[in-house]
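Colleague: This is the structure I want to talk about, given as structure tokens.
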Amino acid sequence: MRFSRLLPVLAAATVLLAGCADDPSPSPVMVSFDDGWGQVFVANVDGSGLRQVTPTVADDMSDGRYGNYPALSPDGALLAYTRGGRFIEVVDLESGEVRTVHEGGYHPVFSPDGSSIAFTGGGGISIMNTDGSDVRVIAREESAAGATFSPDGSRVAFNVGGYIVEAPTTGGESKVLLRDQFWNADPEYSPDGATLVFSSNRGGNNGSEIYSMPAGGGEITRLTETFAVGPAFTPDGSRIFYTRATTQSGEPVTDTSASTRPELASMNPDGSDQKRFTPRSITAQGPSIGGGQ
């Protein structure tokens, strides 16, 4: 479930992100996002190093350079994204080199070891090497979307028509993790593999909230009271970044009919300490976290 389909986006994005300034890891933890207008950005989570990665484009998908669904590699060196709704491109963030690695797919995500990319395409969920070679379909579901790897790289979870499914990365029988009368999407494993967070409309509002449950299925816990989608853990599991809807004055909303813009926020894994991470002057959606290795 994407905010670009749900919210009118009113401004191109720049971002000041906070946190992890003292991260001792050899590479900085980074955040990528798109602004809903077709531009993709990256920044260190301490607020430094902000830059626009993709070209400035017209404000609709008629421009073939339109970029969205960004995903950072685990080491923060590469950024994959969807261009023009059907090309998957990979950018070397140091050199700026851009390679089109696949045509006919979208919503890429890197494996935990950075060697492969899962994406929606090929009549379901597919996986390929990072250079675009060895493309194979691992789950043939026409309505499948939004894949994410388990921390050990052995499984991929995704949404199929409002329920959450898990499949081995080598292919084989899929397993339903969550299927009920609600729309469930945006699955994301915690770094320790114990928890799955996701968005769902089970809150009874005209929108979605973020929830958590054990990775194998089980009791569901609500993390946000207001409209939120697209959770993404930091590498140490201490925070969840996500996209939420707000009014023009900056108040989070429960009902999408009252919302006017998306912004990035973060919270503790139990839903406490929810904070805005992007200033009111900008829009931002679809966070992906990388680096820290």
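Colleague: Given H placed 1.01 Å from N in the peptide plane, which residues other than close sequence neighbours of G203 have an amide H under 5 Å from its amide H?
Modeller: Long-range HN contacts for G203: E209.
Colleague: May I pose another question? Would you mind checking which residues have amide H under 5 Å from V40's amide H? H placed 1.01 Å from N; only 5 or more apart, or other chain.
Modeller: V53, T54
Colleague: Next question. Residue by residue through the range 121-129, which ³J(HN,Hα) values in whole Hz follow from phi under the Karplus form 6.51 cos²θ - 1.76 cosθ + 1.60 (θ = phi - 60°), with glycine and proline marked x?
Modeller: Once θ is set to phi - 60°, the couplings for the range 121-129 become x, x, x, x, 9, 10, 10, 9, 5 Hz.
Colleague: Given the whole protein assembly as supplied and a 1.4 Å probe, what does the accessible area of R136 come to in Å², nearest 10?
Modeller: Result for R136: roughly 80 Å² accessible.
Colleague: Here's a follow-up. Taking all protein chains in place and a 1.4 Å probe, what share, in percent, of the accessible surface of the range 23-149 do carbon and sulfur account for?
Modeller: Values: 2330 of 4920 Å².
Reported share for carbon and sulfur atoms: 47 percent.
Colleague: If you filter the range 157-260 for GluC sites (Glu not before Pro), then keep DSSP loop positions with at most 14 other Cβ within 10 Å, what is left? Working shown, then result.
Modeller: Details: sites: E166, E173, E188, E209, E219, E225; in loops: E173, E219, E225.
Qualifying residues, ordered by number: E173, E219, E225.
Colleague: Another question, if that's okay. G76's amide H: which non-local residues (gap 5+, or another chain) put their own amide H closer than 5 Å, with H modeled 1.01 Å from N in plane and none for Pro or chain starts?
Modeller: Distant-sequence amide H within range of G76: G291.
Colleague: Here's another thing I want to ask about it. Taking 0.36 nm per intervening residue step and subtracting the Cα-Cα distance, what contour gain separates N129 from E142 on full extension? Can you show the working numbers first?
Modeller: Details: separation 13, 0.36 × 13 = 4.68 nm, distance 2.20 nm.
Extending this stretch completely gives an extra 2.5 nm.
Colleague: Can you work out the Karplus-derived ³J(HN,Hα) for every residue in the range 94-111? Use 6.51 cos²θ - 1.76 cosθ + 1.60 with θ = phi - 60°, whole Hz, and x for glycine or proline.
Modeller: 7, 8, x, 5, 10, 10, 7, 9, 7, 10, x, x, 7, 6, x, 8, 7, 6
Colleague: Go ahead and collect, in residue order, the members of the range 270-290 whose backbone nitrogen is under 16 Å from a label point 7 Å along the Cα-Cβ direction of Q248.
Modeller: Backbone N within reach: 280-283.
Colleague: Once a ≥ b ≥ c are taken as the square roots of the eigenvalues of the Cα gyration tensor of the chain, is the result rounded (a/c under 1.5), prolate (a/b larger than b/c) or oblate (a/b not larger than b/c)? Write out the running numbers ahead of the final one.
Modeller: Values: a/c = 1.25, a/b = 1.03, b/c = 1.22.
Judged from the Cα gyration tensor, the chain comes out rounded (a/c under 1.5).
Colleague: In sequence order, what are the phi-derived ³J(HN,Hα) couplings for the range 156-166 according to the Karplus relation 6.51 cos²θ - 1.76 cosθ + 1.60 with θ = phi - 60°, rounded to whole Hz, with x for glycine and proline?
Modeller: 10, 9, 7, 9, 10, x, x, 10, 9, 10, 10
Colleague: Ok, one more. Take the Cβ-Cβ distance between R276 and T256 as r, set R0 to 22 Å, and report the resulting FRET efficiency rounded to the nearest 0.05. The partial results should precede the final answer.
Modeller: Details: r = 18 Å, r/R0 = 0.84.
With a Förster radius of 22 Å, E is 0.75.
Colleague: Please list W183, W37 from largest to smallest accessible area, probe radius 1.4 Å, with all protein chains kept in place.
Modeller: Details: W183 100, W37 60 Å².
Ranked from most to least accessible, the order is W183, W37.
The values are calculated or read from the model by the stated rules, or taken from the named source; none is laboratory data. These numbers were taken from a predicted model, which means no experiment stands behind them. Because the Cβ atoms are built from the backbone with ideal geometry, glycine has one as well, and the counts that use them run over all protein chains shown. Each accessible area value is taken on the protein alone, full model and side chains, heavy atoms only, with ligands, DNA and RNA left out. Shrake-Rupley method; radii C 1.70, N 1.55, O 1.52, S 1.80 Å.
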